[in-house]
Every structure is written in C-alpha cells, then in structure tokens.
Amino acid sequence: MVSSPAKIPKIDEVVIDLTDEKKLVIDRLISGSGKLDVVAVVGMAGLGKTTLVRRVYNDPLVTYHFHIQAWCCVSQAYQKRELLLQILSDIVELTDDVLEMSDEELKLKLYRCLRRNRYLIVMDDIWSIEALYDFKRSFPNDDNGSRILITSRHFHVAAEDEVDGTPHSLRRLSDDESRKLLQKKLFDTKECPNELMEVGEQIAASCKGLPLAVIAIAGLLGRTDMILDRWKEVLESICSQTTDDPEMRCMEILDICYRYLPNYLKPCFLYTAVILEDKDIPVKKLAWLWRAEGFLTDTGAESIEDIAEGYLRDLIGRSLVLPSKRRSHGGIKTCRVHDMLRTLCIPESLKKKTFCSSKMGMTNFFILLTRI
Ligand SMILES: Nc1ncnc2c1ncn2[C@@H]1O[C@H](COP(=O)(O)OP(=O)(O)OP(=O)(O)O)[C@@H](O)[C@H]1O
Ligand SMILES: [Mg+2]
C-alpha cells in the first residue's frame with residue numbers, strides 16, 4: 001500500500017473554523033457508498049472553498065481514512081499534463097523517468113498507483129466538467145470508498161451527472177464570524193479598543209460574509225493609524241458603493257484596498273497579480289522581476305533584496321499577496337495572489353500601461369507570462 005503525506009502547505013493563516021461545514025463534507029467523504037463518488041463543494045469566488053477543503057484534507061479523520069491523498073489546482077486554463085504531474089507528485093517521487101513519460105504513460109501510472117487503494121483526490125477550482133472527464137479513466141473504481149472532491153464557483157458544473165449527490169453549497173460567514181475574523185486579524189488575542197468596536201462591526205458586516213473581503217479590509221485597517229476617523233473614512237468608502245451583491249461588494253472592497261496602497265507598491269502589486277493565475281511564484285524570482293522592471297527604489301541604505309522583501313511583507317500584511325510555502329527556517333518561499341484580485345488587476349494594469357512604461361515593455365511582459 002502506498003501512503004502519501006498530506007502535502008498541501010499549512011500556512012499559519014487565521015481561520016474561522018467552520019466546524020459545521022467541515023463535518024458535513026467529511027461525512028460525505030468517509031461515509032456512504034463504497035463506489036467511487038464525486039463530491040462537490042460550490043460557492044462564489046472568495047467564499048472560502050479552498051480554505052475549507054484544505055482543512056478537510058488535513059483533518060486526522062480524513063488522513064486516517066484514506067490510503068492515498070493528492071491535490072491539484074485546476075483553474076480556468078489548465079494543462080492536462082501539469083495536473084497529472086501535480087497529482088502524481090503527492091503520490092510518488094517525480095524522478096526523471098516519470099517526467100519523461102508521455103501523457104498516456106502518466107495516466108496509466110496514476111491508475112496503477114491508485115488501484116486497490118482507498119484514495120482521495122481533490123480537484124480544486126474546476127471551471128468545466130471536462131477537467132474531470134480528462135482524468136476519469138485514471139481513477140479506478142474498486143468499490144472501496146474512494147472519493148474525488150471538487151470545488152467550483154459554478155453551480156452548473158457541480159450539478160453535472162458526474163457529480164454524486166447534492167453539491168455542498170458553502171455558506172457565507174455570519175456577521176458575527178466576520179467580526180471575529182476582523183478582530184483576530186487585527187488584534188489577535190487582544191481586545192479591539194472600545195471606541196473602534198461599533199464601526200469595526202459595521203465594516204465587518206459590510207463584507208457580506210465573504211472572508212476574502214474581510215481579510216483584505218483588515219489588511220487595510222491595520223495599515224491606518226487605528227483611530228476612529230480613519231476607520232469611519234474606510235466605512236464610508238465601502239458604503240458609498242451601491243451594490244448589494246456579495247461578490248460585487250467583495251470586488252469593490254478589493255478595489256478600495258488597492259487604491260489605498262502607497263504609490264510605490266501599486267505597480268509591484270499589479271505586476272505580481274497579473275503574472276500569476278493560481279500559481280505560486282518563488283519570492284526570489286519575484287524580487288528579481290520587480291528589480292528588472294525598475295519598481296524598486298534604491299535608497300542606498302538597504303540592499304535591493306531587502307527592499308523587495310520589505311515591499312512583499314507589506315503586501316502580505318495587507319493580505320493582497322498570500323504566502324503559500326514557507327522555508328524550513330520560517331521565511332517565505334513562494335507566494336500567490338487570489339484569482340479575484342487578479343481579475344481586478346488585469347484591466348487596471350492595461351489602463352495604467354504599467355508595463356509599457358517599464359524597462360521590460362508589454363511584448364516582453366507577455367512572453368514572460370507564457371513562461372512562468
Ligand atoms: N474560514 C475562514 N477563516 C478565515 N479566512 C478565510 C476563511 N475562508 C477563507 N478565508 C480567506 O479568504 C480568502 C479566500 O478564500 P479561498 O481562497 O478559500 O476562497 P475560494 O472560495 O476558494 O475562492 P475561489 O473561488 O476564488 O477559488 C483566503 O485567502 C483565505 O485566507
Ligand atoms: Mg479556491
């Protein structure tokens with residue numbers, strides 16, 4: 001029997017433990033029929049599907065139940081081979097022999113690894129059911145309780161015949177959970193100062209239960225001088241927007257967070273967001289790219305690497321860039337940008353012609369896009 005550790009990096013993020021939701025998904029995975037079931041978790045962008053499923057994936061009940069676990073992030077424009085390798089990398093070592101295999105050989109290898117084992121494969125962020133078709137033949141059905149767990153923003157994907165049972169619709173955070181998340185992000189275990197309490201609650205409620213909006217606004221509030229007037233200003237910017245739709249509201253909040261960035265950070269952030277889609281980028285590479293673009297202001301007092309690190313820390317502190325893997329000694333190895341922020345940044349960067357004016361220029365920039 002092959003055993004695989006849960007390899008998804010555990011980044012020490014502040015999380016509201018949605019125990020009820022977690023339990024429902026775990027039940028769907030470990031109980032029920034022996035046949036290979038496809039279980040779906042659905043909900044709008046930024047709702048916390050990946051976060052919930054990551055917690056499910058790492059839960060001892062799940063790691064104990066399945067012999068093999070593997071995770072892949074599908075996203076909109078996925079490459080079949082890349083996904084196969086992502087899945088296989090959680091199960092076997094990707095030696096040169098494996099990397100040289102054809103796609104068909106890789107599929108067969110995956111089938112053989114999974115056969116007769118009780119396995120769980122997470123396919124995160126599926127945009128169309130074709131992604132599942134592409135792999136179905138590699139997922140053996142040995143009637144032993146194996147599961148495919150998919151997440152999707154799209155209800156029609158989760159409602160396809162290939163998906164078993166009713167898709168699990170992830171709920172939004174309650175106002176109280178949003179408030180707790182804001183509190184934890186800003187003050188950790190300390191109390192929120194009394195005078196900020198009421199406006200803090202209003203800001204939390206204005207996020208309409210989307211955790212992505214809550215952590216982004218926490219990142220912004222944490223960079224203010226923490227006085228009532230400043231918080232009221234932020235609340236007013238949010239409330240001046242007219243939409244009631246949670247996803248649109250989240251987009252507007254992200255937009256506000258971007259606009260509040262200091263000018264020197266804006267191009268760094270736009271650039272980072274645009275070059276990534278659900279991909280991790282090594283921090284060193286990012287610093288090098290920022291430098292090549294001329295985004296780093298050399299003060300002479302610090303090395304360029306230190307300046308880049310400072311900028312990155314600021315963006316991470318604002319939750320606009322997310323750390324994804326850590327180094328063994330605790331530093332950040334790779335980072336990523338949430339897809340929703342990327343959606344916001346692409347038109348903004350085109351409008352601003354951020355990269356046309358820079359040393360690299362637009363053409364080189366798009367060549368780079370295809371390489372990362
Ligand atoms: N329960 C939670 N507690 C605290 N923070 C959360 C929680 N759920 C999500 N978040 C934060 O909100 C952000 C968005 O969450 P996540 O990426 O899981 O959303 P998603 O539903 O997978 O979005 P998408 O559809 O774009 O993939 C993450 O950066 C995460 O840190
Ligand atoms: Mg996700």
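With Rh defined as the Kirkwood radius, the inverse of the mean 1/r over Cα pairs, the Rg/Rh of segment 203-361 is 0.97. Shape analysis of the chain based on the Cα gyration tensor places the equivalent ellipsoid semi-axes at 36, 27, 18 Å, largest first.
If you keep only loop residues by DSSP, which trypsin sites (Lys or Arg not before Pro) in segment 62-171 have at most 16 other Cβ atoms within 10 Å of their Cβ?
Hits after loop and neighbour filter: 115, 116, 137, 171.
Sparse packing (at most 11 other Cβ atoms within 10 Å of the Cβ) combined with a DSSP loop state is found for the following trypsin sites (Lys or Arg not before Pro) in segment 184-236: 190. Dipole of the chain computed with +1 at Lys/Arg Cβ and -1 at Asp/Glu Cβ about the Cα centre; of 144, 289, 260, farthest Cα towards the positive end is 289.
Among the listed pairs 23/208; 208/232; 136/208; 136/279; 184/351; 107/285, which have their C-alpha atoms separated by more than 26 angstrom in this model? Correct reply: 136/208; 184/351; 107/285. Based on the Stokes-Einstein relation at 4 °C and a viscosity of 1.567 mPa s, and on the Kirkwood radius from alpha carbon pairs, segment 19-169 is assigned a translational diffusion coefficient of 84 µm²/s.
Each of 29, 207, 155 was scored by the projection of its Cα onto the charge dipole of the chain, and the greatest displacement toward the positive side belongs to 29; charges sit on the C-beta of Lys, Arg, Asp and Glu. Scaling against 2.2 N^0.38 Å puts the C-alpha radius of gyration of segment 265-328 at 1.07. When all alpha carbon pairs of segment 190-253 are counted in 5 Å bins from zero, the resulting P(r) reads 4, 18, 32, 26, 13, 6, 1 %. Placing unit charges on the Cβ atoms only, positive for Lys and Arg and negative for Asp and Glu, gives segment 175-259 a dipole magnitude near 320 debye about its Cα centre.
For the chain, the longest principal axis of the C-alpha atoms and the axis of helix 103-114 are separated by about 70°. Against the criterion of solvent-accessible heavy-atom surface with a 1.4 angstrom probe, 259, 54 sort, most first, into 259, 54.
The 1.4 Å probe gives accessible areas that order 271, 264, largest first, as 264, 271. Take residue 175: with every protein chain present and a 1.4 Å probe, its accessible area is about 90 Å².
Alpha carbon centre of segment 195-225 versus segment 80-112: separation in Å? Between the Cα centre of segment 195-225 and that of segment 80-112, the gap is 44 Å. Are there trypsin sites (Lys or Arg not before Pro) in segment 270-318 that DSSP marks as loop and that have at most 16 other Cβ atoms within 10 Å, and which are they? Those that pass, being in a loop and sparsely packed, are 279.
Magnitude of the charge dipole for the chain, about its Cα centre and with charges confined to Cβ atoms of Lys, Arg (+1) and Asp, Glu (-1), is about 620 debye.
The values are calculated or read from the model by the stated rules, or taken from the named source; none is laboratory data. All figures in this text were calculated on a predicted structure; none of them were measured in a lab. As a convention, Cβ positions derive from the backbone with ideal geometry for all residues, glycine included, and neighbour counts pool all protein chains shown. Remember, those area values only see protein heavy atoms, side chains included, never the ligands or the DNA or RNA. Shrake-Rupley method; radii C 1.70, N 1.55, O 1.52, S 1.80 Å.
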